[in-house]
1. Antiparallel DSSP bridges in the chain: what percent, to the nearest 5?
2. Net charge around residue 180, counting only other residues with Cβ within less than 14 Å of its Cβ (Lys, Arg = +1; Asp, Glu = -1)?
3. So how long is each side of the chain along the principal axes, counting just the alpha-carbon atoms, biggest first, in Å?
4. Taking amide H positions as placed 1.01 Å from N in the peptide plane, with prolines and chain starts having none, which residues 5 or more places from residue 207, or on another chain, fall under 5 Å of its amide H?
5. State the Cα centre-to-centre distance between segment 16-94 and segment 157-216 in whole Å.
6. Give the span of segment 39-161's Cα atoms along each principal axis, as three whole-Å numbers ordered largest to smallest.
7. Given Cα positions, please report Rg to Rh for segment 1-94, the hydrodynamic radius being the Kirkwood one.
8. With θ taken as phi - 60° and the coefficients 6.51, -1.76 and 1.60, list the Karplus ³J(HN,Hα) couplings across segment 176-186 in order, rounded to whole Hz; mark glycine and proline as x.
Amino acid sequence: MRSKLIAGNWKMNGSLAANQDLLLSIEKALGAPACKVAVCVPALYLAQVQHLCASSALLWGAQDVSAQEIGAYTGEISATMLRDFGVRYVLVGHSERRQYHGETDDVVALKAQRALAAGITPIVCVGETLAQRESGKTAEVVKRQLAAVIHTNGHCISEIVVAYEPVWAIGTGKTATPEQAQEVHALLRAQLVAASTQAERIAILYGGSMNAANASSLLSQPDIDGGLIGGASLKAADFLSIVAAASH
Ligand code: 13P
């Protein structure tokens, strides 16, 4: 049985003061959750989160990692640096990185490899744009994105987490229906099963305007193993409602 994971993606939001309020409110209500709960924060705040969350059930992650191991790569942050700050997860290939930073499938696959080598679980994000969905290319796009990661990380693919985030649902208030999401999750599951005998262990999260109101119906689908939450992860009450929805 896969345990569910609810991960917040704060994106480029937060401040020392706001993070402290948010983290303490989440921790106070979280107790011993029935699913895994994590926040993926801007790298600068990892030390703060490590300090504030060390003795709670809340796990933490980063939003990106370098595809390089070490050296003259100004501005980059390596997987081993993330590990120094207790990072358990790192997002790789978020559509905002693919779109605004030109990340290719091959770069995303290398980033996943660096994370795995450092003992950090990469949350590999895949998803189609609206134009791709409307032209019937959803399956082709998400399978191509995942195939690159499987190709590079074959033997340890069961250590990754996958997040299906349709680009048209991110920050738009338009959520994929549970059936639309399940259809893609089942495709991704089949692709993982073909690549690994351990594929049933791999959590496949849904992301894209998930909120307190729609979380239960999405999370009740057989291949939806959790959520990657943007906007709703910035409000403790909303985030905690999603955690509650994942806990029964
Ligand atoms: P929203 O929940 O704000 O749509 O963002 C989803 C997302 O991109 C999480 O990585």
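FYI, it's all coordinate maths here, none of it is from the lab. Given the structure is predicted, the values throughout are model-derived calculations rather than measurements. All Cβ positions, glycine included, derive from the backbone under ideal geometry; neighbour counts span all protein chains shown.
1. Values: 0 of 27 bridges.
DSSP beta bridges in the chain are roughly 0 percent antiparallel.
2. -4
3. Result for the chain: principal-axis Cα extents of 46, 45, 33 Å.
4. The list, which skips near neighbours in sequence, is 164, 165, 228.
5. Segment 16-94 and segment 157-216 have Cα centres separated by 22 Å.
6. 47, 29, 28
7. Values: Rg = 13.7 Å, Rh = 14.0 Å.
Rg/Rh for segment 1-94 comes to 0.98.
8. Ordered by residue, 3J(HN,Hα) equals 4, 5, x, 5, 4, 5, 4, 4, 6, 4, 5 Hz.
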